[in-house]
1. What is the pair-distance distribution P(r) of the stretch 101-257, computed from all Cα-Cα distances in 5 Å bins starting at 0, with each bin given as a whole percent?
2. Mind checking the alpha-carbon convex hull of the stretch 209-365 and giving the volume per residue in Å³?
3. Calculate, axis by axis, the spread of Cα positions in the stretch 224-263 along the three principal axes, and write the results as whole Å, longest axis first.
4. Quickly work out the Val273-to-Lys185 label distance, labels modelled 7 Å from Cα along the C-beta direction, and quote it in nm with one decimal.
5. Hey, got the dipole for the chain? About the Cα centre, +1 on K and R Cβ, -1 on D and E Cβ, debye to the nearest 20?
6. Using only the Cα atoms, what convex hull volume per residue in Å³ does the stretch 1-90 have?
7. Looking at the stretch 147-289, send over the antiparallel percent of its DSSP beta bridges, to the nearest 5.
8. Multiplying the sequence separation of Ile34 and Gln346 by 0.36 nm and subtracting their Cα-Cα distance, what value in nm do you get?
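We did not get these values from a lab; they are worked out from the coordinates using the rules stated. Nothing here was measured: the structure is a model prediction, and the numbers come from that model. Cβ sites come from the backbone with ideal geometry, for glycine too, and all protein chains shown count toward neighbours.
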Amino acid sequence: MDKIKIAIAGIGNCASSLIQGMEYYKDKTENDSIGLMHWDIGGYKPSDIEVVAAFDIDKRKVGKDISEAIFAEPNCTTVFCSDIPKKGVKVTMGNVLDGVSEHMKDYDDKYKFIISDENNSTKEDIVKILKESGAEMLLNYMPVGSEKASRFYAECALEANIGFINNMPVFIASNPEWAEKFAEKGLPIIGDDIKAQLGATITHRTLADLFRKRGVKLERTYQLNTGGNTDFLNMLNRSRLSSKKTSKTEAVQSVLDERLPDENIHVGPSDYVPWQKDNKVCFLRMEGKLFGDVPMNLELRLSVEDSPNSAGVVIDAIRCCKLALQRKTGGILYSPSAYFMKHPPQQYADDDAFRMTNEFIEGTRER
């Protein structure tokens, strides 16, 4: 079968894990494919994905082959597949816009982004590369809070006539105006804000749903997250957190029968701990009432390597986007978005989203 040709904007930890995974599963079979939700989607395996274009703004990555760039600082995720052959795809200078937070300048070089001396690529530059590379879709991995940069790359995807997967919490797929732009051009879009395979948000949603199904009245809850990657450093600038908090909070609120008052739910990043690197630690507390209004509470600590945790989901999103391209299905892919993303255009219970996504893969559901 043909390769699925992808372009990536933002060669950080998440892109590193994704590209490592594409190589890691090459020699695996369905029986030993640990960590995948689907081994085969439409005949495509994880190793059938090929990166044909890549964009970043860090001088330690720009100009390097993608196989080297994914291991360059400030990336700090676990290396589970170090033997990545040269891909012949060099990282192109992107467009900085609002992709770098000003406060990062106060930190050591190994933790922060260092902007390349090369000129920013224009939209015309990037669209030309996307077209010439044969990319079928563009993955957005901009840092949290990069509103202008995310819209810039969405526009590039539209002008290059390719699909778009929005892995971060700037609302593109869930914004009706943007969604309509992709529908008008017959281009598939999946978004917004990738759910981890088994991370803080999906765990919080599952427990909230369990409370509801077991008749427990949830009264208060928090989810506090710490980590040491560039995402957590970036989010020390609280002005960049608005869409992230909205995305994570709505993912939990959407599974409740009654929304919690704002003062009784807190979901979001808490602090940056450099030595944690790409390890993310979630502290979760839920307080409620059982039979007879008897109080109860649940406390949970979850520790995961953040970026591989998302790569296992993105690798499915890519293959679903490919199916849509083959079927000439444009606009929002509601089922994959609901299953793979925290802030989809339409929220569904996870069991329903899982079923709907499988129906989409099988071809019995259009979107």
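1. Final binned percentages: 1, 8, 14, 17, 16, 15, 13, 8, 4, 2, 1, 0.
2. Numbers: hull volume 20.4 nm³, N = 157.
Spread over its residues, the Cα hull of the stretch 209-365 gives 130 Å³ apiece.
3. Dimensions of the stretch 224-263 along the principal axes of its Cα atoms: 36, 18, 15 Å.
4. In this crude spin-label approximation the distance works out to 4.3 nm.
5. Details: 48 positive and 55 negative charges, 35 e Å.
So the dipole magnitude of the chain works out to roughly 160 debye.
6. Working: hull volume 8.8 nm³, N = 90.
Each residue corresponds to 98 Å³ of Cα convex hull volume.
7. Working: 9 of 18 bridges.
Beta bridges within the stretch 147-289, antiparallel portion: roughly 50 percent.
8. Numbers: separation 312, 0.36 × 312 = 112.32 nm, distance 2.98 nm.
Separation in residues times 0.36 nm, less the Cα-Cα distance, equals 109.3 nm.
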